[in-house]
């Protein structure tokens, strides 16, 4: 350990899956030679930040032995997959931020109880975590992520965390309603995706300043009428809601900028979006019952529109007026026979027409001089693509599949 940072070596050996070397380097990292260890710790903790992410540590008890770390502000232990507890951080009373993402063996956070200055705790995907009682004392927390902590019996401990501005509870299986959540009047972002035990979300009204809300894969039994009162929302995700037939209840959310409703199989029209004139991104992929999109006519700020696999569409005329669009996905649109309606969309840079099996002509695409990506895979009726030579920014790796960047994400 003369000239090479042992943590760098440890990560290199971890990448090689050399467990014997990992153990040896781990011991070297916390050497009995105090002077050497202090040197590495001071070097690694420059600027008040210590990054131990990805190391094969079972605990961090050694941190308690080093007064040199007492002023540490940030500690990153993400992906320390063997880490079982954080008792060793209890003396780092100046900590403001601790990252414990993907620490799969972590079962409690008791060591955080006395770190009263903590502002952010990230426990994303700590699947073994069964006890977070220590969080109750961290009343200065503004950011907390407990997403995918599938072993938590409940989240009642959150009730006193009234300073929260960002809260992640995705796939929190124990969450039945929002009564246990704090009266956090400054909460701006809330993620409740995949909370399969939810029975209602009436408690959302506790968060008058909420701007971003994720309710993807929210159970169909949950009534979403309360959303009509959430007028501060700018970003909303409703992916996979099988009950939603219209979006009339969202009509008053005029500040909306991003709305994702992919796989809302019962949705038949989008008239309720007509007043969302600030909307820039709209995701409607896989809305198989969607037949009418006239409600989009006045959304002049739209830049990104996805309607792939919307096979119930009857009319696309409204698209010709959305001249601000830069990205458009019409994958598997069965009524598209030509691209006449798309030629006014001269701002387009990305266009996905994959599997539009009725498409016989793309004459007119040469007017879209800004196109850098065009996907035409599966357009079985399309015979002539000569017009593409007039699009200078496209490359043609395979004239029967796609132009520009590969379309790996078509599906």
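Couple of notes before you dig in:
- Whole-Å distance, taken between Cα centres, linking segment 50-89 and segment 219-248: 41
- Length added when fully stretched, residue 127-residue 65, from 0.36 nm per residue minus Cα-Cα: 19.4 nm
- Distance from the Cα centroid of segment 180-205 to that of segment 155-172 is 8 Å (rounded to whole angstrom).
- Residue 245/residue 360 FRET efficiency (R0 30 Å; Cβ-Cβ; nearest 0.05): 0.35
- What the Cβ-Cβ distance of residue 291 and residue 185 gives, at R0 = 51 Å and to the nearest 0.05, is a FRET efficiency of 0.80.
- Hull shadow area, averaged, segment 148-273 [alpha-carbon convex hull, nm²]: 6.8
- Taking label points 7 Å from Cα along the Cα-to-Cβ direction, residue 337 and residue 156 give a separation of 6.5 nm.
- Cα Rg over Rh - segment 249-362, Kirkwood: 0.94
- Stretching the chain fully between residue 116 and residue 82 yields a gain of 9.6 nm (0.36 nm per residue, less the alpha carbon separation).
- Dimensionless Rg ratio for segment 96-171, taking C-alpha atoms and the 2.2 N^0.38 Å reference: 0.95
- Approximate spin-label separation residue 209-residue 320, in nm, with each point projected 7 Å along Cα-to-Cβ: 4.7
- The modelled label-to-label distance between residue 93 and residue 107, using points 7 Å beyond Cα along the C-beta direction, is 3.0 nm.
- Set against the 2.2 N^0.38 Å expectation for a compact globular protein, segment 57-213 has a Cα radius of gyration ratio of 1.01.
- Measuring r between the beta carbons of residue 278 and residue 346 and using R0 = 30 Å, the FRET efficiency lands at 0.85.
- Burial ranking of peptide ranges 268-274, 205-211 (average Cβ count within 10 Å, highest at the top): 268-274, 205-211
- Directionally averaged projected area (convex hull, Cα atoms, segment 154-214), nm²: 3.4
The numbers here are math on the coordinates, done by the rules we state, and not lab data. On a predicted model such as this, the values are computed, not experimentally measured, just so you know. When we count neighbours, we look across all protein chains shown, and the Cβ atoms used for this are built from the backbone with ideal geometry, even at glycine.
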